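Below you'll find the structure, written out as structure tokens, and then a few comments.
The values are calculated or read from the model by the stated rules, or taken from the named source; none is laboratory data. Computed from a predicted structure; not experimentally measured. Here the Cβ is made from the backbone with ideal geometry for all residues, glycine too, and neighbour counts use every protein chain on show.
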Amino acid sequence: MLPHSALSLISSSSPSSQEMAAAEPAASSAAAADPERLLEVSEEEVVIDFKPDSKCRADLRLRSLHPSFPVAFKVQTSSPLKFLVSPPRGAVQPLSSASLRVVLRPQPHPPPSFPRSRADRFLVLSSLSAAHLDSSSDATSGVSAVRLRVFFGGPYLLRLAADAGDAAAVRLILRRQPHLLPFLEPQPQVAAAPGDAEQWATLHAAAARGDCGEVRRLGPEALAARDREGRTVLHAAAAAGEAEAVAVLVDMGADTSAADARGRTPMDVAREKGYQEVVDVLERWELVMTAARRGDIQSLESLLGKRAGVRGRDQYGLTALHVAAIKGHCDVVAMLAGSGCMDIECEDVEGHRPLHLAVEGGHADAVELLLDMGADANARTRRGATPLQMAEAMGYEAIAQLLCGRGAEVAPAPALCVASSSSSSISCA
């Protein structure tokens, strides 16, 4: 509950109807004034509801203004170490819309400046030619740009501003997010449900004592569970020096980059305690991903010989097989899928299978290999995109013909962007 003094900010911070009207996005009128603009962005700022040590998300909506041709787009940020964009590039069908998701990686501290960030910016480039988007200058003929600032808001920062007596920040947050006004009012104390603080004690205890059978029985659904100190099950196993349990958890898809309340990852915990075997397991998975990304078949062969702890996933659900597919490393794909080490139909968090990513990478040989190995030519992502729709949207005619020859069903592309959410975390490495 907020201190009572914070309530004095409400009357001076509540936005008037005139202020609210002035703050409404003006994307439509701006688009009308610019006849060369190809895309309209529904939001005038990227609004992030900030919460410490959590992934914070914001959705943007793009609308094509071109009546005849798909509009290619590419999203850039001034802070690539902080933000991810899903998808970072793609195409929007004529006069259709597409949704983007901006993800702020977990940050232990509030933004240095808020509500509006001084350092963070986004640039949405659009063109009828995808090749033009990779020019070093957005002034290239045929490329239009929309610039977006970042607005940090949400209940956490509203309370922080109120507690600090920062009336200007409170006013700005409420002007942008008037629905947060109740968070400044006193709330009745609600008793926590019995056992809430210890609801994950069984799973953490199983990991800490190295009971791999119990960990497997409880299943991957519980991997994101945290205790009162923000520690995941993988933290518990690493802190206890249980290398086998750590390997099982990694193979189940535990997030190796998760940070506890003190900002420590499982790797940090293992190193602090001197558990080198645990460190080796955690590093092994990272080395597998790196080898797959680089196509380093010799290193990968050596790592796979150790088996345990090599079938992990990153925070986007990507496996080494996904990474090899989008990079077009056919020998790596053959090794990972052919040996039975990884499922050829494994999905990332957006439902992309290795075949989707091989198509996105434009690698016809990798697409053909995956089809030869039994990949489903009609697999759909969470957004309903098939490999054939992706190939057609991205202009890969040879790959589209290959897929059609292998039984891919021809269907209208959905009115959404079909580019993969994974490319931002793969292609730049």
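A Cβ distance below 8 Å, combined with a sequence gap of six or more or placement on separate chains, defines the contacts here; from the stretch 266-288, residues that are at negative phi reach residues that are of a type in the set (Ser, Thr, Tyr) and surrounded by fewer than 16 Cβ atoms within 10 Å (Cβ to Cβ) in the pairs 287/299.
Counting the residues of the stretch 367-400 that are at positive phi and either over 21 Å from the mean Cα position of the chain (by Cα) or in contact (Cβ under 8 Å) with a residue 40 or more places away in the chain (or both) gives 2.
Looking at residue 405, is it out of contact with any helix residue (DSSP H, G or I) (no Cβ under 8 Å at 6 or more places or on another chain) and either surrounded by fewer than 19 Cβ atoms within 10 Å (Cβ to Cβ) or modelled with pLDDT of 90 or more (or both)?
yes
Considering the conditions (1) under 15 Å from residue 43 (Cβ atoms); (2) surrounded by 19 or more Cβ atoms within 10 Å (Cβ to Cβ), residue 162 is excluded by exactly one of them, (1).
Considering 73, 69, 114, which residue is outside any strand (DSSP E or B), within 27 Å of residue 390 (Cα to Cα) and in contact (Cβ under 8 Å) with a residue 40 or more places away in the chain? Criteria check complete, one pass: 69. Could you say whether any residue in the stretch 188-208 is at pLDDT 75 or above and surrounded by fewer than 18 Cβ atoms within 10 Å (Cβ to Cβ)? There is no residue in the stretch 188-208 that is at pLDDT 75 or above and surrounded by fewer than 18 Cβ atoms within 10 Å (Cβ to Cβ).
Of the residues making up the stretch 344-373, those that are assigned to a loop (DSSP other than H, G, I, E, B) and either touching a Leu at 6+ places or on another chain (Cβ under 8 Å) or of a type in the set (Ser, Thr, Tyr) (or both) are 344, 346, 348. Please state which one of 287, 218 is under 18 Å from residue 341 (Cα atoms) and not basic (Lys, Arg). The unique qualifying residue is 287. Among residues of the stretch 326-355 that are farther than 16 Å from residue 313 by Cβ and not assigned by TED's automatic domain parsing to the domain that holds residue 86, those with a beta-carbon under 8 Å from a residue that is buried (at least 22 other Cβ atoms within 10 Å of the Cβ) and at pLDDT below 90 at least six positions away or on a different chain give the pairs 327/292; 327/426; 329/292; 332/291; 332/292; 332/300; 332/320; 335/300.
Does residue 114 fit the bill of being outside the structural domain of residue 264 (by TED's automatic domain parsing), aromatic (Phe, Trp, Tyr), under 20 Å from residue 315 (Cα atoms) and buried (at least 16 other Cβ atoms within 10 Å of the Cβ)?
no
Within the set 287, 321, the sole residue that is at pLDDT 85 or above and surrounded by 21 or more Cβ atoms within 10 Å (Cβ to Cβ) turns out to be 321. Kindly check whether there is at least one residue in the stretch 76-93 that is over 20 Å from the mean Cα position of the chain (by Cα), surrounded by fewer than 14 Cβ atoms within 10 Å (Cβ to Cβ) and more than 30 Å from residue 261 (Cα to Cα). Checked the stretch 76-93: no residue is over 20 Å from the mean Cα position of the chain (by Cα), surrounded by fewer than 14 Cβ atoms within 10 Å (Cβ to Cβ) and more than 30 Å from residue 261 (Cα to Cα).
When you look at residue 308, is it in a loop (DSSP other than H, G, I, E, B) and either within 27 Å of residue 345 (Cβ to Cβ) or modelled with pLDDT under 90 (or both), yes or no? It is true that residue 308 is in a loop (DSSP other than H, G, I, E, B) and either within 27 Å of residue 345 (Cβ to Cβ) or modelled with pLDDT under 90 (or both).
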